[in-house]
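Visitor: Quick one: structure below, then a few questions.
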Amino acid sequence: MPHYTAIVSLIAIVLYSYIATRVASAHKKFGVKLPSMGGNPDFERVYRAHANMLEWMPTFLVPLWLMALYLSDIAAAAVGAVWIVGRVMYFVGYSEAVQKRIPGFLIQALACVALIIGAFAGIIMRWAA
């Protein structure tokens, strides 16, 4: 059973939940009244950082678990942890300025590429065996 990957998955969900609370706080902090989702650039950056994480979750979680099941739990969890670090950097950077999101984005995107490659490699190796 992929225990390390399970822990990384839960940490990713906790991070996503935490970032969701930052959007709620940003509504109040920047005076953006519900149901509005725009009007203040500082609020919009926090909101987009949250929405972007949601957009990437399937691209992260599916290959994370496929790599864990078909290749290596420890390797998948390690790459998954890198993805989480990238998402934290993305959120912190984007909350400050648009251009500061790029390092975190690149880290998390490369981690997803590594997970996809690892998932494919594991599936092919099991299939060929």
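The values are calculated or read from the model by the stated rules, or taken from the named source; none is laboratory data. The structure presented is a predicted model; accordingly, all values stated were derived computationally and were not measured. Reconstructed Cβ throughout: ideal geometry from the backbone, glycine too, with neighbour counts over all protein chains shown.
Visitor: Sort out which residues of region 41-57 are in contact (Cβ under 8 Å) with a residue 12 or more places away in the chain and either small (G, A, S) or not in a helix (DSSP H, G or I) (or both), and write them in order of number.
Guide: Once the filter is applied, which keeps residues that are in contact (Cβ under 8 Å) with a residue 12 or more places away in the chain and either small (G, A, S) or not in a helix (DSSP H, G or I) (or both), region 41-57 yields only A49.
Visitor: Right, here's the next one. Against the condition on the phi < 0 side of the Ramachandran plot, modelled with pLDDT of 95 or more, touching a Ser or Thr at 6+ places or on another chain (Cβ under 8 Å) and assigned to a helix (DSSP H, G or I), how does L61 come out, does it pass?
Guide: So L61 fits the description; yes.
Visitor: Quick one: which of A111, A78, A121 is part of a helix (DSSP H, G or I) and either surrounded by 18 or more Cβ atoms within 10 Å (Cβ to Cβ) or among the basic types (K, R) (or both)?
Guide: A111
Visitor: Can you pull out the residues in region 12-39 that are surrounded by 14 or more Cβ atoms within 10 Å (Cβ to Cβ) and in contact (Cβ under 8 Å) with a residue 12 or more places away in the chain?
Guide: The answer is A12, L15, Y16, I19, R22, V23, A26, H27, F30.
Visitor: Can you name the residue in region 87-108 that is of a type in the set (S, T, N, Q) and out of contact with any Phe, Trp or Tyr (no Cβ under 6 Å at 6 or more places or on another chain) and, of all such residues, is surrounded by the most Cβ atoms within 10 Å (Cβ to Cβ)?
Guide: Top of the filtered list is S95.
Visitor: Next question, about the same structure. So for region 88-101 (the condition being part of a loop (DSSP other than H, G, I, E, B), in contact (Cβ under 8 Å) with a residue 60 or more places away in the chain and touching a Leu at 6+ places or on another chain (Cβ under 8 Å)), does at least one residue qualify?
Guide: No, there is no match, as no residue in region 88-101 is part of a loop (DSSP other than H, G, I, E, B), in contact (Cβ under 8 Å) with a residue 60 or more places away in the chain and touching a Leu at 6+ places or on another chain (Cβ under 8 Å).
Visitor: Which of (1) more than 13 Å from the chain's Cα centre (by Cα); (2) modelled with pLDDT of 95 or more; (3) of a type in the set (D, E) does E55 not meet, given it meets every other one?
Guide: Result: E55 passes all but (1).
Visitor: Sticking with this one: Determine if region 45-55 includes at least one residue that is surrounded by 14 or more Cβ atoms within 10 Å (Cβ to Cβ), touching a helix residue (DSSP H, G or I) at 6+ places or on another chain (Cβ under 7 Å), under 19 Å from C112 (Cβ atoms) and of a type in the set (S, T, Y).
Guide: no
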